[in-house]
Amino acid sequence: MLATKVIGRLPSDQIDNGFYGQDILSVSQFDRTKLDYIFGVGREMEVLVERLGSADLLQGKILANLFYEPSTRTSYSFMAAMLRLGGQVIPINNVQYSSVTKGESLPDTIRTLESYADLIVLRHPELGSAAIAAHYAKKPIINAGDGVGEHPTQALLDLFTIVQDLGQLDGLKIAMVGDLKYGRTVHSLTKLLVNYGVQFTFVSPDFLAMPPDVLDVVRSTGHKFETTHDVHAVIGEVDVLYVTRVQKERFTDLAQYDRVQDYYVVDEALMSHAKPNMIVMHPLPRINEISYAIDDDPRAAYFRQMRNGMYIRMALLAAVLGKA
Ligand code: NCD
């Protein structure tokens, strides 16, 4: 159990929802009960946005959005989530213009921002950086991606999208395709999916295979998995095809990147072999791994994922700040 962080000084601010004042660092903090809770609030947030556009639930609260790596969806959906709940945002997408360039450490930057804000969303290139930030911070930290480590809020919105589109998780066959070594989204998604009775297939070239520690989680929770290089071998069976970008920024040898970047391409020809009620997911950004020709296929779920990201982040912000 993580320590409860400082939110407000009034007893009325305290609420026992399992998230109040908590850091969100890893998907290992979630079980089925907590997932059901966040998905339930996420659905309420969707209705709120559709009916009213915004609410004043987080009025007076300030989020510091601290991004040391590029981001479009994660940073702006957190911003939109805070704004739609009546809160405000300090956006720091260009750390090169902050004192980080002068050599300020992550702990000192965190201590600075928590003097002004009620919680901090952090994306950073180093594995474990969110845990370090949380160690120093008195206010809650939400991990928005720590290098090749985890991306827990992406996994939450991914799971939410599967439930919204397919109605359930138990019994599904899920294939993850592409850069499973460096892709933090598939690390978090796999570790979250083990809460359900799913079957995994990991599709990648050998040197981009799922890391052993993630496979250990799959094994230790009694799940079966298969590995293959060939997406054609599985396309006809899967309920979810989760496609990833080859993470160019993690490669030290760019010649190696060039050899694999177009290894897998999901196009109309491949989709003609897929089940009628399956879905294709991608955390985005895509490079060439999903053809634009399938964007209008109802099975293409990646634009729905983006929208769901805002609802799930609204739910998380409200829960951590004790307003859900
Ligand atoms: C992902 C990330 O940053 O890990 N993007 C995202 O948050 N939607 C995936 C990626 O960059 O390939």
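For the stretch 173-292, the equivalent ellipsoid derived from the alpha-carbon gyration tensor has semi-axes of 21, 19, 12 Å in decreasing order.
With every protein chain kept in place and ligands, DNA and RNA left out, what is the accessible area per residue of the chain? Probe 1.4 Å, answer in Å².
Values: 14130 Å² over 324 residues.
For the chain, the per-residue accessible area is 44 Å².
Split the accessible area of the chain by element, probe 1.4 Å, and carbon with sulfur accounts for 51%. Placing a pseudo-label 7 Å from each Cα along the Cα-to-Cβ vector at residue 112 and residue 227 gives an inter-label distance of 4.3 nm.
Ratio of alpha-carbon Rg to the 2.2 N^0.38 Å globular estimate for the stretch 114-197, to two decimals, please. It would help to have the intermediate numbers written out before the result.
Values: Rg = 14.9 Å, N = 84, 2.2 N^0.38 = 11.8 Å.
Relative to the rule-of-thumb radius for its length, the stretch 114-197 sits at 1.26.
If you take the square roots of the eigenvalues of the alpha-carbon gyration tensor of the stretch 249-314 and sort them as a ≥ b ≥ c, do you get rounded (a/c under 1.5), prolate (a/b over b/c) or oblate? Oblate, because a/c is 1.5 or more while a/b does not exceed b/c. Evaluated over the Cα positions of the stretch 1-101, the convex hull gives a direction-averaged projected area, one quarter of its surface, of 8.3 nm². Sorted largest first by accessible area at a 1.4 angstrom probe radius, with every protein chain in place, the residues 75, 99, 220 fall in the order 220, 99, 75. Each Cα pair under 8 Å and six or more residues apart adds its sequence gap; the mean of these over the residue count of the chain is a relative contact order of 21 percent.
Near residue 74, within a Cβ-to-Cβ distance under 10 Å, what is the net charge of the other residues, with Lys and Arg +1 and Asp and Glu -1?
Working: positive: 73, 123, 313; negative: 69.
In short, +2.
Among the listed pairs 224/275; 5/173; 102/248; 5/102, those with a Cα-Cα distance over 31 Å are 5/173. Running Debye on the stretch 238-285 with equal point scatterers at the Cα sites and no solvent, what base-10 log of I(q)/I(0) appears at q = 0.16, 0.21, 0.22 Å⁻¹? Results for the stretch 238-285 at q = 0.16, 0.21, 0.22 Å⁻¹ read -0.56, -0.80, -0.84. Report the Cα centroid-to-centroid distance between the stretch 8-80 and the stretch 197-215 in angstrom, as an integer. Comparing the Cα centres of the stretch 8-80 and the stretch 197-215, I get a distance of 30 Å.
Within the chain, the percentage of alpha carbon pairs spaced more than 26 angstrom apart rounds to 46%.
For the residues 155, 233, 117, a GNM of the chain with alpha-carbon springs under 10 Å puts the largest fluctuation on 233. A simple spin-label model places pseudo-atoms 7 Å from Cα toward Cβ; at residue 254 and residue 135 they are separated by 3.4 nm.
At 222 nm, what helix-only mean residue ellipticity would the chain give, in deg cm²/dmol to the nearest 500, using -39500 (n - 2.57) for each DSSP H run of four or more?
So the calculated ellipticity at 222 nm is -10500 deg cm²/dmol.
Pull out a ≥ b ≥ c, the square roots of the eigenvalues of the alpha-carbon gyration tensor of the stretch 172-220, then state rounded if a/c is under 1.5, prolate if not and a/b is larger than b/c, and oblate in the remaining case. Prolate shape, in that a/c is at least 1.5 and a/b is the bigger ratio. Which angle between 0 and 90 degrees, to the nearest 10, do you get for helix 152-166 versus the longest principal axis of the chain when only C-alpha atoms count? Roughly 60 degrees, rounded to the nearest 10. Residue-wise HN-Hα couplings along the stretch 220-234, as the Karplus relation 6.51 cos²θ - 1.76 cosθ + 1.60 with θ = phi - 60° gives them from phi, are 5, 9, x, 9, 8, 8, 10, 10, 7, 8, 10, 5, 4, 5, 10 Hz; Gly and Pro carry x.
Per residue, the Cα convex hull of the stretch 84-154 amounts to 101 Å³. Dividing the Cα radius of gyration of the stretch 60-212 by 2.2 N^0.38 Å, with N the residue count, gives 1.15.
How many percent of all Cα-Cα pairs in the stretch 46-128 sit more than 20 Å apart? The proportion of pairs with Cα distances above 20 Å equals 37 percent.
Axis angle, to the nearest 10 degrees, between helix 73-84 and the longest C-alpha principal axis of the chain: 40 degrees. Whole-Hz Karplus values for the stretch 24-40 come out as 10, 10, 8, 5, 5, 6, 9, 10, 4, 5, 5, 5, 4, 4, 5, 5, x Hz, taken residue by residue from phi with 6.51 cos²θ - 1.76 cosθ + 1.60 and θ = phi - 60°; glycine and proline positions read x.
The values are calculated or read from the model by the stated rules, or taken from the named source; none is laboratory data. Quantities reported herein were computed from a predicted structural model and do not represent experimental measurements. Cβ sites come from the backbone with ideal geometry, for glycine too, and all protein chains shown count toward neighbours. Areas reflect the complete protein model, heavy atoms only, side chains present, ligands, DNA and RNA absent. Shrake-Rupley method; radii C 1.70, N 1.55, O 1.52, S 1.80 Å.
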